[in-house]
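Nothing in this text is a laboratory measurement; each read-out follows from the coordinates by a stated rule. If you're wondering where the values come from, they're calculated on a predicted model, not measured in any experiment. Note that we place each Cβ from the backbone using ideal geometry, even for glycine, and neighbour counts take in every protein chain shown.
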Amino acid sequence: MMLDDKERLRYSRHLLLKEVGEQGQLKLKNAHVAVIGCGGLGCPALFYLAASGIGSLTFVDDDQVELSNLQRQILYKVSHIGQAKSKAASKILASLNNSISLNPICTKLTADNIDTLLANADIVLDCSDNFKTRYLLNHYCFVQQKVLISGAAIATSGQVMCFDFRSDSPCYACIFPKVQKEENNNCDNFGVLSPLLGVIGAQQALLATNTVLGHHSGSYFASTEGLTLKQSVWKVSKNPECKVCAHEEKQ
């Protein structure tokens, strides 16, 4: 497979990079990334993945655009209010890059449909806003040995995590063990600094492209403080008592 003249022009700034080049751009073209949640994190992540030339994008969200979303969900416009987020996002992404495959899905991700929706994805971005979905994605990607890139932002702080289940890796539940009563802490009740979501969502997209290009592997945890721009990065290790990855390995 080769890039055509139009693609060479579109991705010319990538082709100038020795870290990408034509072979790297072909890797991006052949990649399939799934994004769960088309909100504050999913919007910038999808925008950059589409602009970068990820060949197939699946994105899942069952919500509709509301006026309060426009403070931070950069794919949407006033004219999109009342429309399904996945469908509205697809229109904007198609207008940005009409040479990639877009698969918008307006439904809630569940244990019953997750395998059907995500089976063909190489990398999964968790841009959701609730622990139930996060734990579901974590378990699924662990079992299916996919790369999971999880982002979160609330108030003035954000986090991005990468779990590379293609090899031995800790999981989301190692860092955030499941508790009996899960608190529903999200932007709806705590607020969030708008550009912070762009920072974290863009980092998720960057980790995804770096993974496709072969510049990133292994597990990664970074936190960003929106008021000071301070970023801290840690290597993460397995929790031997984890009820997901440690438990499954013992079966």
Sparse-neighbourhood loop hits (GluC sites (Glu not before Pro), the stretch 186-251; DSSP loop; Cβ within 10 Å at most 12 others) -> Glu241
Between the stretch 124-184 and the stretch 1-67, what is the separation of their alpha carbon centroids in Å?
22
Nearest-5 percent of antiparallel DSSP beta bridges in the chain?
50
With a ≥ b ≥ c taken as the square roots of the eigenvalues of the C-alpha gyration tensor of the stretch 13-117, please select rounded if a/c is under 1.5 and otherwise prolate if a/b is larger than b/c or oblate if it is not?
oblate
Can you say what percent of the DSSP beta bridges in the stretch 118-175, counting only those with both residues inside, are antiparallel? Round to 5.
65
Calculate the dipole size of the chain relative to its Cα centre from +1 charges on Lys and Arg beta carbons and -1 charges on Asp and Glu beta carbons; express the result in debye to the nearest 20.
380
With respect to the cross-link table entries Lys29/Lys108; Lys29/Lys243; Lys18/Lys238; Lys18/Lys243, which display a Cα-Cα separation exceeding 31 Å?
Lys29/Lys243; Lys18/Lys238; Lys18/Lys243
Mean separation of Cα pairs under 8 Å and 6+ residues apart, divided by the residue count of the stretch 31-250: what relative contact order is that in percent?
22
Sort largest first and round to whole Å: the equivalent ellipsoid semi-axes of the chain, each the square root of five times a Cα gyration tensor eigenvalue.
27, 23, 18
In the stretch 88-139, taking the dipole from +1 charges on Lys and Arg beta carbons and -1 charges on Asp and Glu beta carbons about the Cα centre, the listed residue (Ile114, Val124, Ile92) farthest towards the positive end is Ile92
The stretch 7-129: antiparallel DSSP beta bridges as a percent of all, rounded to 5
5
Hey, what's the Cα Rg ratio for the stretch 53-193 versus the globular rule of thumb, 2.2 N^0.38 Å?
1.09
Relative contact order, percent, the stretch 62-166 [alpha-carbon distance under 8 Å, six or more residues apart]:
17
